[in-house]
Ligand SMILES: Nc1ncnc2c1ncn2[C@@H]1O[C@H](COP(=O)(O)OP(=O)(O)OP(=O)(O)O)[C@@H](O)[C@H]1O
């Protein structure tokens, strides 16, 4: 199987606890995988490791079959990975929604008009055109989460890592996200507490519990 993400005997301990030990995981090309688990089980930590934000692990992380041990080795793949953190409070770099959604495209050298056009389409697709000129820090938590997702999807990463993507979203927004994520053909890992949300999205579900990743 062609794998986008592979974990081999991955172990991690923080100062206080061992969070997971000898975890194996394969996420195939365009496969959607969900991870559930109790508060503090280590789900966000695992996602941060896969997102290249923490290299203090033992074992092996591979992206597209390439072993990655450190930040330098990760850089080659960074633009292939879109990571939505659980808390998007400190996530934004621009004052307004449209500027922030355009930002990553502009950073990649895309012309302003083209980036603006794509950002407008992305806001439409996510149903948040009405937020276009709003100041991000005046938006609700749920609105901020969708804006952050827009800023990620617009760069068309090959892998999506989503930490509680529907946290703080109302039912209508959640259904919109389900529809959009279902229509996207990418490799995805979704961390969520909402089993009903995951059931509509990811055929493969793991439970992170007692240091182990168990297929359920
Ligand atoms: N930066 C940090 N420094 C120290 N401990 C941390 C840090 N981040 C997380 N932890 C601890 O690591 C453990 C796992 O946290 P993590 O956020 O990965 O769990 P989680 O499964 O995502 O939880 P939740 O479902 O509540 O979001 C927790 O005990 C947490 O307190």
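Per-structure values
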{"quantity": "Alpha carbon centroid spacing (whole Å) that separates region 197-216 from region 63-112", "calculated": "26"}
{"quantity": "Approximate shape of region 1-40 as ellipsoid semi-axes (Cα gyration tensor, √5λ), whole Å, largest first", "calculated": "24, 13, 6"}
{"quantity": "Cα convex hull of region 109-200, projected area averaged across orientations, nm²", "calculated": "6.3"}
{"quantity": "Kirkwood hydrodynamic radius (C-alpha pairs) into Stokes-Einstein, region 7-63, 25 °C and 0.890 mPa s, D in µm²/s", "calculated": "206"}
{"quantity": "Ellipticity estimate at 222 nm from DSSP helix runs (n ≥ 4, -39,500 (n - 2.57)) divided over the chain, nearest 500", "calculated": "-9500 deg cm²/dmol"}
{"quantity": "Relative exposure of 24, 133, 80, judged by other C-beta atoms within 10 Å (fewest first)", "calculated": "133, 24, 80"}
{"quantity": "Rounded tilt (10° steps) of 112-125 against the dominant C-alpha axis of the chain", "calculated": "70"}
{"quantity": "Taking all pairs of distinct alpha-carbon atoms in the chain, Kirkwood radius in angstrom", "calculated": "17.8"}
{"quantity": "Calculated diffusion of region 2-118, Stokes-Einstein form, Kirkwood radius summed over Cα pairs, 20 °C and 1.002 mPa s, µm²/s", "calculated": "132"}
{"quantity": "Order of 166, 155 under a 10 Å beta carbon neighbour criterion, fewest first", "calculated": "155, 166"}
{"quantity": "Acute angle (nearest 10 degrees) that the helix 141-153 long axis makes with the longest principal axis of the chain, alpha-carbon atoms", "calculated": "80"}
{"quantity": "log₁₀ of I(q)/I(0) at q = 0.14 Å⁻¹ - region 174-216, Debye sum with one point per alpha carbon", "calculated": "-0.35"}
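The numbers here are math on the coordinates, done by the rules we state, and not lab data. Only a predicted model underlies this, so the values are computations on that prediction, with no experimental measurement involved. Cβ sites come from the backbone with ideal geometry, for glycine too, and all protein chains shown count toward neighbours.
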